[in-house]
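S.K.: I'd like to ask you about the structure that follows.
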Amino acid sequence: MIEVRSLTKRFRGCPAVEDLSFDVRPGAVTGFLGPNGSGKTTTARMILGLTDPDAGTATIAGRRYRDLAHPLREIGALINPGAVDPARSALDHLRWLAAANRIPVGRAELVLGQVGLDAVGGRRVGAFSLGMRQRLGIAAALIGDPPVLLLDEPINGLDPEGIHWIRTFMRSLADEGRTVFVSSHLMSEMALTAHELVVIGRGRLIAAESMASFTARVDSSVRVRTPQLDVLAAALEQEGATLWRSGDALDVVGMPIEQVGSVAARVGAVLYELSPQQASLEDAFMHLTAQSCEYTAAVEAA
């Protein structure tokens with residue numbers, strides 16, 4: 001379990017993380033989300049003892065990283081997959097990690113097979129693609145068979161097969177009872193992978209809750225398809241609904257599905273579709289972090 005309490009860090013007087021508190025529990029994949037510059041990497045580095053906080057604490061199973069007797073057996077981390085001697089083979093890199101941390105060297109072959117790199121274990125890391133380096137970084141995180149894993153953008157550089165693999169793999173690790181804390185900018189993948197979410201913006205906590213609770217914060221809608229689209233749209237607006245056109249359909253916000261159906265019947269609209277639409281993770285994330293984005297692009301009309 002990871003516990004963060006009132007964590008604060010400033011660089012040259014500017015807050016990077018501000019009074020941040022949350023828990024990451026075992027048995028679930030917890031997604032760590034936030035806009036660029038929100039403080040995710042700084043938070044991860046403080047959990048791992050790579051950056052000292054100005055205030056607050058970050059602990060793994062109740063202890064700071066620097067107080068762990070055998071850190072790689074307690075928490076495995078992927079922060080920078082490029083931090084490997086390019087002249088070493090993948091297998092030698094993992095054997096070196098094992099030997100340096102008094103871990104049986106046989107773990108090297110085992111974790112290399114877990115991440116699908118056993119066939120290239122003898123190749124120099126300098127010849128690896130980004131996706132292969134990511135897999136090697138995950139193997140290094142697993143070398144001590146730790147109960148806690150912290151993975152920063154593990155999906156970067158992976159092909160579709162690799163993305164499917166890492167999604168399934170992270171869930172399998174959580175099913176074993178491990179604590180899995182993973183950051184990513186890919187909302188579609190987090191929606192498929194994470195059970196819980198920690199969302200921050202400008203270094204402050206926005207949410208720490210289940211995926212379902214987070215997406216439920218944003219109003220759901222009702223999707224309607226009908227050949228009498230304009231007629232139905234006018235009637236719904238008169239009833240106070242907010243409408244969004246999506247191709248040949250309407251997304252109706254602020255009106256229950258039963259009322260939408262009743263309005264359609266009243267104006268004689270033939271319905272091809274009438275279905276509830278739950279807000280997506282991306283919808284909820286964009287809505288709830290809108291005021292926390294440090295960088296936003298202007299969109300010009302064509």
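The values are calculated or read from the model by the stated rules, or taken from the named source; none is laboratory data. What you see is a predicted model, and the numbers here were worked out from it, not measured in a lab. Cβ coordinates were reconstructed from backbone atoms using ideal geometry, including for glycine residues, and neighbour counts include every protein chain displayed.
S.K.: Sort through PRO146, PRO104 and tell me the only one that's outside any strand (DSSP E or B) and touching a residue at least 60 places away in the same chain (Cβ under 8 Å).
M.R.: PRO146
S.K.: Checking the conditions here, which among PRO35, PRO53, PRO26 is at pLDDT below 95 and in the same structural domain as PHE128 (by TED's automatic domain parsing)?
M.R.: So the residue among PRO35, PRO53, PRO26 that is at pLDDT below 95 and in the same structural domain as PHE128 (by TED's automatic domain parsing) is PRO35.
S.K.: Kindly check whether there is at least one residue in the stretch 131-142 that is modelled with pLDDT of 90 or more, in contact with a Leu (Cβ under 7 Å, 6 or more places away or on another chain), farther than 13 Å from PRO81 by Cβ and not in a loop (DSSP other than H, G, I, E, B).
M.R.: The answer is no, given that none of the residues of the stretch 131-142 is modelled with pLDDT of 90 or more, in contact with a Leu (Cβ under 7 Å, 6 or more places away or on another chain), farther than 13 Å from PRO81 by Cβ and not in a loop (DSSP other than H, G, I, E, B).
S.K.: A further question on this structure: Taking the options ARG10, ARG45, ARG5, name whichever one is assigned to a strand (DSSP E or B), of a type in the set (Lys, Arg) and within 29 Å of ALA191 (Cβ to Cβ).
M.R.: ARG5
S.K.: Turning to a different aspect of this structure: Give me the residue from the stretch 235-261 that is in a helix (DSSP H, G or I) and exposed (fewer than 12 other Cβ atoms within 10 Å of the Cβ) and, out of that set, nearest to the chain's Cα centre (by Cα).
M.R.: Selected residue: GLU258.
S.K.: Name the pairs whose Cβ atoms lie under 9 Å apart, with the first residue in the stretch 232-248 and touching a residue at least 24 places away in the same chain (Cβ under 8 Å), the second in a loop (DSSP other than H, G, I, E, B) and among the polar types (S, T, N, Q), and 6 or more positions between them or separate chains?
M.R.: LEU232/THR226
S.K.: Could you please give the count of residues in the stretch 154-172 that are surrounded by 19 or more Cβ atoms within 10 Å (Cβ to Cβ) and in contact (Cβ under 8 Å) with a residue 60 or more places away in the chain?
M.R.: Residues in the stretch 154-172 being surrounded by 19 or more Cβ atoms within 10 Å (Cβ to Cβ) and in contact (Cβ under 8 Å) with a residue 60 or more places away in the chain: 2 in total.
S.K.: Continuing with the same structure: Considering only the stretch 149-204, how many residues are among the hydroxyl-bearing types (Ser, Thr, Tyr), modelled with pLDDT under 90 and not in a loop (DSSP other than H, G, I, E, B)?
M.R.: 1
S.K.: Determine, yes or no, whether ARG95 is at pLDDT 95 or above, more than 17 Å from PHE169 (Cβ to Cβ) and assigned by TED's automatic domain parsing to the domain that holds GLU161.
M.R.: Yes: the conditions hold for ARG95.
S.K.: Could you list, in sequence order, all residues of the stretch 256-282 that are within 24 Å of HIS185 (Cα to Cα) and at pLDDT 80 or above?
M.R.: Within the stretch 256-282, GLN277, SER280, LEU281, GLU282 meet the criteria.
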